[in-house]
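These notes concern the structure reproduced below.
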Amino acid sequence: MLNPNPIPDGGTLAQDARHGPLPLLLIVLTVVTGLVDAVSYLKLGHVFVANMTGNVVLLGLAVGGASEFSIAVSLTAIGSFLLGALAGGRLGSSTGEHRGRFLALATYAQVCVVGVAFVVSLASSDVSGGIPAYALVVLLAFAMGLQNAAARRLAVPDLTTTVLTLTFTGLAADSNFAGGTNPNIGRRLIAAAAMFIGASLGAVLILHVSVSAALAVAVALLLINAMAGYRLSSSTAAWTAAK
């Protein structure tokens, strides 16, 4: 049987007893990940701006001579992601004692960076190459590095927002078939679905509307999180204390 209480410590996805509304907000960020990785892979030179495991593999393929992948673009994405993660880490060190305030500030920064990427896409007739493509890779990878560092600091189980490898491992390794108890199965499945939905929606918008349309949706989702973060930044609930 599946665990009848897939969210730890009771509650629902929207309101976790240990983590408050953080799980739902991180699910929204997971959708954003799917959207921006769809943009980067389909239009910016077959590169990921959120999935650094994939980028290391793509970099290896490029070094090995695969012509459809670019060493320069892959290194740009990895470097920009690291800078974003560094910024997120610094922000967490100074404001991370209140998880609601930290999430709010991290989301404000991410809105600004992805918003600039949206403006760049609007101002460019072709973002698939040259300076516009590199500018978008830099901005989006930086934003995803920041997001990943924030999710790591918030430490909500099974919600990294950018990586699903351990999520799928947990689904199998912790299942009843493996002798486990299916902890967090609902959250794990929803996280996978969120990234799938983001990538699918991103592909539809990119292929049938424009890159700007996909980035506009990403900005809109981040703004929703930013507004929620603003309300949570003054919360005194127990979940806001750093873990």
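In a Gaussian network model over the chain where Cα atoms closer than 10 Å are linked, find which of 123, 226, 106 has the largest mean-square fluctuation. Comparing 123, 226, 106 in a Gaussian network model of the chain, the most mobile one is 123.
State in Å² the accessible area per residue of the range 139-243; use a 1.4 Å probe, count heavy atoms of protein chains only, and round to the nearest integer.
Values: 4980 Å² over 105 residues.
About 47 Å² of surface per residue is accessible.
Considering all different alpha carbon pairs of the chain, the Kirkwood hydrodynamic radius works out to 18.3 Å. Springs join every pair of Cα atoms under 10 Å in this Gaussian network model of the chain, and among 46, 19, 208 the largest mean-square fluctuation is at 208. When the residues 235, 125 are ordered by accessible surface, computed with a 1.4 Å probe over the protein chains alone, the sequence from largest down reads 125, 235. Here the contact order of the range 42-151, divided by its residue count and restricted to Cα pairs under 8 Å and six or more residues apart, works out to 40 percent.
Computed in the context of the full set of protein chains, the accessible area of the chain at 1.4 Å probe radius has 69% of its extent on carbon or sulfur.
Of 176, 184, 55, the residue with the greatest mean-square motion in the GNM of the chain, using alpha carbon springs below 10 Å, is 176. For residue 126, the accessible surface of its heavy atoms amounts to roughly 90 Å² (probe 1.4 Å, protein chains only, rounded to the nearest 10). For the chain, a simple Cβ point-charge model (Lys and Arg +1, Asp and Glu -1, everything else neutral) yields a dipole of about 480 debye relative to the Cα centre. Contact order, relative form, for the range 102-162: 37 percent (alpha carbon pairs under 8 Å, 6 or more residues apart, mean separation divided by residue count). Adding -39500 (n - 2.57) for every DSSP H run of four residues or longer, then dividing by how many residues the chain holds, sets the calculated 222 nm ellipticity at -23500 deg cm²/dmol.
On the basis of the beta-carbon distance and an R0 of 25 Å, residue 128 and residue 197 show a calculated FRET efficiency of 0.55.
Using Cα-Cα distances under 8 Å and only pairs 6 or more residues apart, what relative contact order does the chain have, in percent?
34
Taking 7 Å steps out from each Cα toward its Cβ at residue 189 and residue 242 produces label points 3.6 nm apart. For the chain, the membrane-span-like helices by this rule, meaning whole DSSP H stretches whose C-alpha atoms cover at least 18 Å of axis and whose Kyte-Doolittle mean is 1.0 or above, are 22-43, 71-95, 99-123, 130-154, 185-208, 211-232; this says nothing about an actual membrane.
For the pair the range 90-154 / the range 165-243, the C-alpha centres are spaced 16 Å from each other.
Can you sort 196, 102 by solvent-accessible area, 1.4 Å probe, largest first?
Details: 196 140, 102 0 Å².
Output order, biggest surface exposure first: 196, 102.
The values are calculated or read from the model by the stated rules, or taken from the named source; none is laboratory data. The shown structure was predicted, so the numbers you read here are calculated from the model rather than taken from an experiment. Counting neighbours? That spans all protein chains shown, and the Cβs are built from the backbone with ideal geometry, glycine included. The accessibility values were calculated without ligands, DNA or RNA, using every heavy atom of the protein model including side chains. Shrake-Rupley method; radii C 1.70, N 1.55, O 1.52, S 1.80 Å.
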